[in-house]
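Q: This is the structure I have questions about; it appears just below.
The values are calculated or read from the model by the stated rules, or taken from the named source; none is laboratory data. All values reported here derive from a predicted model rather than from experimental measurement. Backbone-built Cβ (ideal geometry, glycine too); neighbour counts: all protein chains shown. Side chains included, ligands, DNA and RNA excluded: accessible areas come from the protein's heavy atoms. Shrake-Rupley method; radii C 1.70, N 1.55, O 1.52, S 1.80 Å.
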Amino acid sequence: MIILLNKAKTLSGYTLHSSDGDIGKVKEFYFDDHHWAIRYLVANTGNWITGRQVLISPYALAAVNKEEQYITIDLTKKQIEESPSLNNDKVVSRQFEKSYSMYYGMPMYWNGPDVWGAYPNIVRDPKMWNESTPSEKSWNPNLRNTSTVTGYSIQASDGEIGHVEDFVIDDETWEIRYLVIDTQNWWPGKKVLVAPQWIERVSWDLSTVFINLSRDAIKQSPEYSAEALLNRDYEDAMYKHYHRQGYWMMK
């Protein structure tokens, strides 16, 4: 079975193709700490747009081409250039996000209980965007960027196991499926995957992620190789090892 998983560091550097020309390359990603879904791609636009962050919502990300290493964007260069401005030294505020969504006519992803508001997956058809209405189950997102969280310590239920090295992103739903953990100080030469659903809490002040798994359970999990293709057979074996239900069975 084909699964659409990419590591954040792999996508960093991919060329961004707008509908009328290249706009730059992928720099990093902003994700929310509620659903652990990518909310914006940060573009490195070189000298084209300077002095502010250029953010692209997954609503505008049409396709990822691994072979030629580019991402297609359903926006024009003029649309991007005239989009709401966010200075490089500022956090992504709710006010900015509302302005951004209104400018592009995109749904506000926090207006609903699912990952994408009223829907579990991204609605690609702009004709349906206006049908999305605010829900009583709206929530307040806190956005983090992948470069900042990279390096965070990972604490199992009975001790430290390593640090965050990368993120595995589903480029269909744009959810973070796994954190890639480097365990070199505990288990030399090994890497493991941790799903966001297994996270008990995150101390953003201490830069530490706490997971509700034991070190022994993690050590006995199916071995993860960064060079190997991450496929459904591996995922299935890992979820069975932890006695958890796979995310693909929850839809």
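Q: Between 0 and 90 degrees, rounded to the nearest ten: what's the tilt of helix 232-241 against the longest Cα principal axis of the chain?
A: 50 degrees
Q: For the pairs Lys66/Lys127; Lys78/Lys98; Lys9/Lys98; Lys7/Lys77; Lys9/Lys66; Lys137/Lys240, note any where the Cα-Cα span goes beyond 22 Å.
A: On the way: Lys66/Lys127 29 Å; Lys78/Lys98 20 Å; Lys9/Lys98 28 Å; Lys7/Lys77 26 Å; Lys9/Lys66 13 Å; Lys137/Lys240 32 Å.
Going by Cα-Cα distance, Lys66/Lys127; Lys9/Lys98; Lys7/Lys77; Lys137/Lys240 fall outside the 22 Å limit.
Q: Next up: Amide H of Val54: which non-local residues (sequence gap of 5 or more, or other chain) have their own amide H closer than 5 Å, using H built in the peptide plane?
A: Under 5 Å from the amide H of Val54 lie the amide H atoms of Ala43, each far enough along the sequence or on another chain.
Q: With the Cα gyration tensor of region 57-132 giving a ≥ b ≥ c as the square roots of its eigenvalues, does the rule (a/c under 1.5 for rounded; else a/b larger than b/c for prolate; else oblate) give rounded, prolate or oblate?
A: Working: a/c = 1.58, a/b = 1.05, b/c = 1.51.
Cα axes put region 57-132 in the oblate bin.
Q: Below 8 Å between Cα atoms, with a sequence gap of 6+, how large is the relative contact order for region 167-209 in percent?
A: Relative CO of region 167-209 lands at 25 percent.
Q: Kindly identify region 147-251 as rounded, prolate or oblate by the Cα gyration tensor criterion: order the square roots of the eigenvalues as a ≥ b ≥ c, call it rounded if a/c is under 1.5, otherwise compare a/b with b/c, prolate if a/b is larger, else oblate. Provide the component values of the computation, followed by the final result.
A: Working: a/c = 1.41, a/b = 1.24, b/c = 1.13.
Rounded is the answer for region 147-251, as its axis ratio a/c remains below 1.5.
Q: Also, quick follow-up: Which peptide among 5-14, 177-186, 79-88 comes first, and what is the full order, when sorted by highest mean count of other Cβ atoms within 10 Å?
A: Packing order, densest peptide first, comes out as 177-186, 5-14, 79-88.
Q: Tyr40's amide H: which non-local residues (gap 5+, or another chain) put their own amide H closer than 5 Å, with H modeled 1.01 Å from N in plane and none for Pro or chain starts?
A: Tyr30
Q: Right, something else. Exactly which GluC sites (Glu not before Pro) in region 169-212 are in a DSSP loop and have at most 11 other Cβ atoms within 10 Å?
A: none
Q: Shifting gears a bit: Order these peptides, 54-63, 90-99, by their mean beta-carbon neighbour count within 10 angstrom, highest first. Walk me through the numbers before you get to the answer.
A: Details: 54-63: 19.7, 90-99: 14.1.
Ranking, from highest mean packing down: 54-63, 90-99.
Q: Read phi for every residue in region 191-203 and hand back ³J(HN,Hα) as whole Hz from Karplus 6.51 cos²θ - 1.76 cosθ + 1.60, θ = phi - 60°, with x for Gly and Pro.
A: Along region 191-203, the couplings run 10, 10, 10, 10, 7, x, 5, 9, 7, 7, 6, 10, 9 Hz.
Q: Quick check: the distance between the Cα centres of region 116-189 and region 198-251, to the nearest angstrom?
A: 13 Å
Q: Work out the length of the dipole vector of the chain about its Cα centre, built from +1 on the beta-carbon of each Lys and Arg and -1 on the beta-carbon of each Asp and Glu, and round it to the nearest 20 debye.
A: In debye, rounded to 20, the chain gives about 240.
Q: Return a whole-number percent for the relative contact order of the chain, with Cα pairs under 8 Å and 6 or more residues apart as the contact set.
A: Result for the chain is 16 percent.
Q: With point charges of +1 on the Cβ of Lys and Arg and -1 on the Cβ of Asp and Glu, referenced to the Cα centre of the chain, which listed residue (Gly112, Val91, Ser153) lies farthest in the positive direction of the dipole?
A: Val91
Q: Still on this model: Rounded to the nearest 10 degrees, what's the angle between the helix 94-104 long axis and the longest principal axis of the chain, both from Cα atoms, 0 to 90?
A: 60 degrees
Q: Could you tell me what percent of the DSSP beta bridges with both partners in the chain are antiparallel, to the nearest 5?
A: The antiparallel proportion sits near 90 percent.
Q: How large a share of the accessible area of the chain, in percent, is made up of carbon and sulfur atoms when the probe is 1.4 Å and the other protein chains stay in place?
A: Of the solvent-accessible surface of the chain, carbon and sulfur hold 45 percent.
Q: With the other protein chains left in place, how much accessible area per residue, in square angstrom, belongs to the chain at a 1.4 angstrom probe? Write out the running numbers ahead of the final one.
A: On the way: 12560 Å² over 251 residues.
Heavy-atom SASA per residue in the chain reads 50 Å².
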